[in-house]
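Peer 1: There's a structure below that I have some questions on.
The values are calculated or read from the model by the stated rules, or taken from the named source; none is laboratory data. Owing to the predicted nature of the structure, the values given are computational and were not obtained by experimental measurement. Positions of Cβ are backbone-derived with ideal geometry, glycine not excepted, and every protein chain shown enters the neighbour counts. Keep in mind that these areas ignore ligands, DNA and RNA; they rest on the heavy atoms of the full protein, side chains included. Shrake-Rupley method; radii C 1.70, N 1.55, O 1.52, S 1.80 Å.
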Amino acid sequence: EILIGGILLTNPIPEQYEMPKDVIDNAISTALKQMDEQGIKGKECTPFVLKTITDLTGGDSLESNIKLVLNNTAVGSEVAKEYRKLK
């Protein structure tokens, strides 16, 4: 039996891995400004913005993103186990 419908599950980064809001907001704003100034468009936007933010934060944003992905994997596993119980 398959469930019909969808769900949006949000999962914030664990607090211990958060970056200071002003630091990440500034890095994002700077990266978007540089992207616009350099005329970067389409599929090149995401890699450019992520690399620029990583560079601007000295790698801290990359470390935070890795922790977020690992946490999302853990939460996704728990959701999958619970979904399996419904079958």
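Peer 1: At a Förster distance of 41 Å, what's the computed FRET efficiency of Lys21 paired with Lys85, Cβ-Cβ distance as r, to 0.05?
Peer 2: Once the sixth-power term is evaluated, E becomes 0.60.
Peer 1: Using only alpha carbon pairs under 8 Å that are at least six residues apart, calculate the relative contact order of the chain and give it in whole percent.
Peer 2: Reported as a whole number, the value is 41 percent.
Peer 1: Could I ask something else about it? For Ser29, Ser64, give the ranking by accessible area with the largest first, probe 1.4 Å.
Peer 2: Ranked from most to least accessible, the order is Ser29, Ser64.
Peer 1: Next question. Divide, for segment 16-87, the radius of gyration over alpha carbons by 2.2 N^0.38 Å, where N is the residue count.
Peer 2: So segment 16-87 has a normalised radius of gyration of 1.47.
Peer 1: Measure nothing fancy, just the Cα-based angle from helix 60-86's long axis to the longest principal axis of the chain, in degrees from 0 to 90, nearest 10.
Peer 2: 10
Peer 1: Compute the long axis of helix 21-37 from its Cα atoms, compare it with the longest principal axis of the Cα atoms of the chain, and write down the angle in degrees, 0 to 90, nearest 10.
Peer 2: Taking Cα atoms only, the helix is inclined about 60 degrees.
Peer 1: Calculate the FRET efficiency for Ile7 and Lys33 from the Cβ-Cβ distance with a Förster distance of 35 Å, rounded to the nearest 0.05. Present the calculation step by step, with values, prior to reporting the outcome.
Peer 2: Details: r = 35 Å, r/R0 = 1.01.
Efficiency at R0 = 35 Å is approximately 0.50.
Peer 1: Taking a ≥ b ≥ c as the square roots of the Cα gyration tensor eigenvalues, with a/c under 1.5 meaning rounded and otherwise prolate when a/b beats b/c, else oblate, which class fits segment 1-58?
Peer 2: Because a/c hits 1.5 or more and a/b fails to exceed b/c, segment 1-58 counts as oblate.
Peer 1: Helix-derived [θ] at 222 nm for the chain: sum -39500 (n - 2.57) over DSSP H runs of at least 4, divide by residue count, nearest 500?
Peer 2: Taken over the chain, the calculation gives -22000 deg cm²/dmol.
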